[in-house]
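**Student:** Please see the structure below; I have some questions.
The values are calculated or read from the model by the stated rules, or taken from the named source; none is laboratory data. No experiment lies behind these values; they were computed from the predicted model shown. Here the Cβ positions follow ideal geometry from the backbone for every residue, glycine too, while neighbour counts run over all protein chains shown. Keep in mind that these areas ignore ligands, DNA and RNA; they rest on the heavy atoms of the full protein, side chains included. Shrake-Rupley method; radii C 1.70, N 1.55, O 1.52, S 1.80 Å.
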Amino acid sequence: MKFNEISFRVRYSETDQMGVVYHGNYAQYFEMGRVEWLRQLGTSYKEMEKDGIMLPVISLHVEFKKSAVYDDLITVRTILKKTPSVRIEFDFEIRNEAGDILVLANTVLVFMDMDKKRPVKCPDYLLEKIAAL
């Protein structure tokens, strides 16, 4: 399935007193990966929200392998796990500049009608873009 990669340096504000990335920041890194994955696909969260669809996270699983530290150049690889239905699932790999795996993760999100607050199936325009991969 389609994947996307983004790279950035760990900022000081993202670390704890030991200079290690605070574990709660990884959820933001995963979101950054998903946002860029959608953008690379030719759409965005913003467009989906204009269409009345939101994507709340319903599951997050993280395995920490090694620490990311201040000023590390890290790469977040976001991988669509399977064709979405009502849910969309991503795997993530975070690596440092040396290529070491720091984090493995998985998120599951649900397509939600913003007005009805009910799950809905993946929009057809998104399925068409994914099928073209």
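**Student:** Would you check which residues across segment 81-94 are in a strand (DSSP E or B) and either open to solvent by 40 Å² or more (accessible area, probe 1.4 Å) or at positive phi (or both) and list them?
**Tutor:** Filtering segment 81-94 for residues in a strand (DSSP E or B) gives 87-94.
Across segment 81-94, the qualifying residues are R87, D91, E93.
**Student:** Return yes when E47 is open to solvent by less than 100 Å² (accessible area, probe 1.4 Å), more than 17 Å from L133 (Cα to Cα), modelled with pLDDT under 95 and among the acidic types (D, E) and no when it is not.
**Tutor:** Criteria met by E47.
**Student:** Assess whether T78 counts as being among the polar types (S, T, N, Q), in a strand (DSSP E or B) and in contact with a helix residue (DSSP H, G or I) (Cβ under 9 Å, 6 or more places away or on another chain).
**Tutor:** yes
Condition check ((1) of a type in the set (V, I, T); (2) open to solvent by 100 Å² or more (accessible area, probe 1.4 Å); (3) more than 14 Å from P123 (Cα to Cα); (4) in contact (Cβ under 8 Å) with a residue 60 or more places away in the chain) across all residues:
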position	(1), (2), (3), (4)
M54	no, no, no, yes
I58	yes, no, yes, no
L73	no, no, yes, yes
R77	no, no, yes, yes
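**Student:** Taking segment 2-39 as the search range and keeping residues that are part of a loop (DSSP other than H, G, I, E, B) and over 18 Å from T75 (Cβ atoms), which one is least open to solvent (accessible area, probe 1.4 Å)?
**Tutor:** Top of the filtered list is G19.
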